[in-house]
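Scroll down for the structure; my scribbles are underneath it.
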Amino acid sequence: MTVVITGMGLFSPVGRGVDATFAALTTGTSGLSRPPEGHPARESLEVAGVLPPIDPRTVATGPETKVLDRVVLFALITAAEALADAGIEVGRDVDPARIGVIVGGVGGMSTLEQQVIARTERGRAAVSPYLLTGILPNMASARIAIAHGIRGYSSSVGTACASGAQAVADAARLIRAGEADVVLCGASEAPLFPTFADTFGNARALARGWADPSEASRPFDRRRNGFVLAEGAALLVLERAGHAAARGARSYAEVAGYGSTTDAHHPTMPRPDGEGAADCMRQALARADVPPAEVGYVNAHGTGTKLGDIAESTALGKVFGVGGVPVSSTKALTGHLLGASGVVEAAACALALRAGLLPPTYHLDDPDPDCPADHVRDVPRTSRAEFALTNSFGFGGQNVSLLLRRTTGAGVRPAGPGR
């Protein structure tokens, strides 16, 4: 059964929406900067991907808005935009029982931190009765379902930085199994608060020491020294192709295959031989019955960490041969949105296939010889690729690969850059 992407909601450091996001990724517009004065994580982060403040009352109503974490706010914003982009109104365009929602991420941890501080400083009476509905990982999916009357499958995914990509894979599996016609899927993350920032900082995982913060994220570059923490969300509308055609919808791309494996190696470090990641990519290709030679682009996980970039490069070489496929990492501009990164990057792959334009890795001035690849550097590369693959790898050895296929995009609503 063919599964296509018919809608996108994107909210990341490089912009909001399809047009702004793809334009930034192909023109080198960075979303990374020093956190502004007054930001709660300013003392913990030299550089970050920061989104603007959001008034919860513009997104939701009721007393619970007082403890509605940014994770939920981002998810509600991108869900509404994805459904609108797909031209879907639940109950009119899809049976409420035949649409599902799957949103990944760690949940409202900043709200938990704030409430712990409140209790410590002011006592038990300071703890909000709405705390649980502010922090539970399933609240993003639940709030979306409530807001749009979605009565089908609803779930949250917690596979660390692979969560969003895993949500897309799970959604495609749900549709292929005939259990849904439409699934809203992706991830939302809001990790820019002191405790979360400090744990990565103390682990020496974050980029540091850069005079120009916008150049701190440097995947595959010899001078890279860590990743840049960022916040945001991305949700995609996945739809059974026959259902989309019946309502005259256009598609961005087909979800042709997906892979999901576990390294079984270490809680934080990837397998040095890249075999878990390689197996994951092979799995995605096998599900689509697509040989490696037909893949025309890989959007790498590429966070800018020493071990991670090398392990992924090793895995890519095993699957495609060294230099066998154009590779880039858009995290050079977006930073690392943790679980939400994989969905932003899946969207980037779909838009790249539609536009025939591959976004490059910016700031790749001196490629690490331990990361050999056909790097797309500095400027976009024109391409007639039919297939693009994106990788997401997370703590615990979680690996997810998504294989997308270019479609004609036929339908009544225009798609992609410039609409």
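Quick notes
- Among the residues making up the range 25-39, those that are on the phi < 0 side of the Ramachandran plot and touching a residue at least 60 places away in the same chain (Cβ under 8 Å) are Leu25, Thr26, Thr29, Ser30, Gly31, Leu32, Ser33, Arg34, Pro35, His39.
- If only residues of the range 279-307 that are among the hydrophobic types (A, V, I, L, M, F, W, C), part of a helix (DSSP H, G or I) and over 20 Å from the mean Cα position of the chain (by Cα) are counted, the one that is surrounded by the fewest Cβ atoms within 10 Å (Cβ to Cβ) is Ala293.
- Gly134 vs. criteria surrounded by 22 or more Cβ atoms within 10 Å (Cβ to Cβ) and not in a helix (DSSP H, G or I): no
- Only one entry in Ala180, Ala171, Ala162 is in contact (Cβ under 8 Å) with a residue 24 or more places away in the chain, among the small types (Gly, Ala, Ser), crowded, with 21+ Cβ neighbours inside 10 Å and part of a loop (DSSP other than H, G, I, E, B), namely Ala180.
- Residue in the range 40-50 that is in contact with a Lys or Arg (Cβ under 7 Å, 6 or more places away or on another chain) and in contact (Cβ under 8 Å) with a residue 12 or more places away in the chain present: yes
- For the range 64-110, taking the residues that are hydroxyl-bearing (Ser, Thr, Tyr) and more than 15 Å from the chain's Cα centre (by Cα), the one that is modelled with the highest pLDDT is identified as Ser110.
- Flag if Pro219 is over 30 Å from Asp85 (Cα atoms), touching a residue at least 24 places away in the same chain (Cβ under 8 Å), of a type outside the set (S, T, N, Q) and crowded, with 24+ Cβ neighbours inside 10 Å: yes
- Hits in the range 87-123 - residues which are among the small types (Gly, Ala, Ser) and either surrounded by 14 or more Cβ atoms within 10 Å (Cβ to Cβ) or part of a strand (DSSP E or B) (or both): Gly87, Gly100, Gly104, Gly105, Gly107, Gly108, Ser110, Ala118
- Considering only residues in the range 183-211 that are in a strand (DSSP E or B) and of a type outside the set (Gly, Ala, Ser), the one that is farthest from Ala233 (Cα to Cα) turns out to be Leu206.
- Residues that are of a type outside the set (A, V, I, L, M) and either assigned to a loop (DSSP other than H, G, I, E, B) or surrounded by 24 or more Cβ atoms within 10 Å (Cβ to Cβ) (or both) within the range 261-278 comprise Asp263, His265, His266, Pro267, Thr268, Pro270, Arg271, Pro272, Asp273, Gly274, listed in sequence order.
- Residue in the range 136-144 that is more than 30 Å from Gln283 (Cβ to Cβ) and in contact (Cβ under 8 Å) with a residue 40 or more places away in the chain present: yes
The rows are residues; the columns are (1) in contact (Cβ under 8 Å) with a residue 12 or more places away in the chain; (2) out of contact with any Ser or Thr (no Cβ under 9 Å at 6 or more places or on another chain); (3) more than 22 Å from Pro40 (Cβ to Cβ).
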site	(1), (2), (3)
Leu184	yes, no, yes
Glu189	yes, no, no
Ala197	yes, no, no
Ala205	yes, no, no
Ala211	no, yes, yes
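- All of Ala332, Ala346 fail the test of being among the hydrophobic types (A, V, I, L, M, F, W, C), in contact with a Ser or Thr (Cβ under 7 Å, 6 or more places away or on another chain), buried (at least 22 other Cβ atoms within 10 Å of the Cβ) and more than 20 Å from Gly257 (Cβ to Cβ), apart from Ala332.
- Listed by first and then second residue, the pairs with beta-carbon distance under 7 Å, at least 6 apart or on different chains, first residue in the range 1-24 and farther than 22 Å from Val379 by Cα, second among the aromatic types (Phe, Trp, Tyr), are Ile5/Tyr252; Met8/Tyr252; Phe11/Phe74.
- Scan of the range 227-244 for residues that are surrounded by fewer than 23 Cβ atoms within 10 Å (Cβ to Cβ) and in contact with a strand residue (DSSP E or B) (Cβ under 9 Å, 6 or more places away or on another chain), ordered by number: Arg240, Ala241, His243
- Evaluation of Ala60 against the conditions (1) farther than 17 Å from Val228 by Cα; (2) more than 15 Å from the chain's Cα centre (by Cα); (3) crowded, with 20+ Cβ neighbours inside 10 Å shows that the sole unmet condition is (3).
The values are calculated or read from the model by the stated rules, or taken from the named source; none is laboratory data. These numbers come from a predicted model, not from an experiment. Note: ideal-geometry Cβ built from the backbone for every residue, glycine included; neighbour counts use all protein chains shown.
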